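The values are calculated or read from the model by the stated rules, or taken from the named source; none is laboratory data. Computed from a predicted model, the values in this text were never measured in an experiment. Note: ideal-geometry Cβ built from the backbone for every residue, glycine included; neighbour counts use all protein chains shown.
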Amino acid sequence: MIKRTHLTALLAAGVIAVAGCGGDSKTKAADIPAGPAPEAPPAPKASTNLKDTKSKPTIPRPTGKPPTKLEVKDIVKGTGPPAKKGDQLSMNYVGVTFSTGTEFDASWDRGQPFDLALGQGDVIKGWDLGLVGIRKGGRRELTIPAKLAYGAQGRPPDIGPNEPLVFIVDALKVSGK
């Protein structure tokens, strides 16, 4: 026999549903819990294989001295025409701070690429300069000095003042003007 307190708990949890046979019941189907809410999709798995452009990359913690100038390294070359100023780009990216290697942003986690017009000031200067020449399907690492990132003001709370940044950027689309 189920005690009343157990029955109430089971009803509230949606384990037991009550069906009516008619009558004047004021309970509607919308009043009965439908069960637990669906979970959000899991974040994409990160990959230490930096050539795997189908997976979110894990950026190794930066070492050495902070950069004084923009460093651009193609990990995967890509195909098609190289991006130039004014082109529309669709990108996936991960960004970390140089000093700690802490991830502060990733389009991969939102499940939606980031679109921009190259060289138009829509993004930090390190991106506008560092993405010139990337090709569709390419993966590029950008190590950006603070002056080409967020400078002396930083971008609190995630990016401190004068913080260099490291991005791995994947070109999903490169479209000419």
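Observations on the model:
- Against the numbered list (1) in a loop (DSSP other than H, G, I, E, B); (2) of a type outside the set (Ser, Thr, Tyr); (3) more than 14 Å from Ala83 (Cβ to Cβ), Lys147 comes up short only at (1).
- Residue in region 40-48 that is part of a strand (DSSP E or B) and modelled with pLDDT of 95 or more present: no
- Tabulated pairs, region 57-71, first among the polar types (S, T, N, Q), second assigned to a loop (DSSP other than H, G, I, E, B), C-beta under 7 angstrom, 6+ apart or interchain: Thr58/Thr48; Thr68/Pro145
- Region 133-154, residues that are in contact (Cβ under 8 Å) with a residue 40 or more places away in the chain and of a type in the set (Lys, Arg): Arg135, Lys136, Arg139, Arg140
- On inspection, Arg139 qualifies as under 20 Å from Pro57 (Cα atoms), basic (Lys, Arg) and buried (at least 16 other Cβ atoms within 10 Å of the Cβ).
- Flag for Ala152 being within 26 Å of Ser55 (Cβ to Cβ) and among the aliphatic types (A, V, I, L, M): no
- Subset of region 67-84 that is part of a strand (DSSP E or B) and hydrophobic (A, V, I, L, M, F, W, C) - its residue that is nearest to Asp128 (Cα to Cα): Val72
- The set of residues from region 85-98 being surrounded by 15 or more Cβ atoms within 10 Å (Cβ to Cβ) and in a loop (DSSP other than H, G, I, E, B) comprises Asp87, Phe98.
- For first residues located in region 114-132 and in contact (Cβ under 8 Å) with a residue 12 or more places away in the chain and crowded, with 18+ Cβ neighbours inside 10 Å, partners that are of a type in the set (Phe, Trp, Tyr) and part of a loop (DSSP other than H, G, I, E, B) and lie 6+ apart or on another chain with Cβ distances below 7 Å form the pairs Ile124/Tyr150.
- Among the residues making up region 91-119, those that are within 15 Å of Arg140 (Cβ to Cβ) and more than 14 Å from the chain's Cα centre (by Cα) are Leu116, Leu118.
- Among (1) hydrophobic (A, V, I, L, M, F, W, C); (2) part of a strand (DSSP E or B); (3) out of contact with any Gly (no Cβ under 9 Å at 6 or more places or on another chain), the one test that Ala152 misses: (2)
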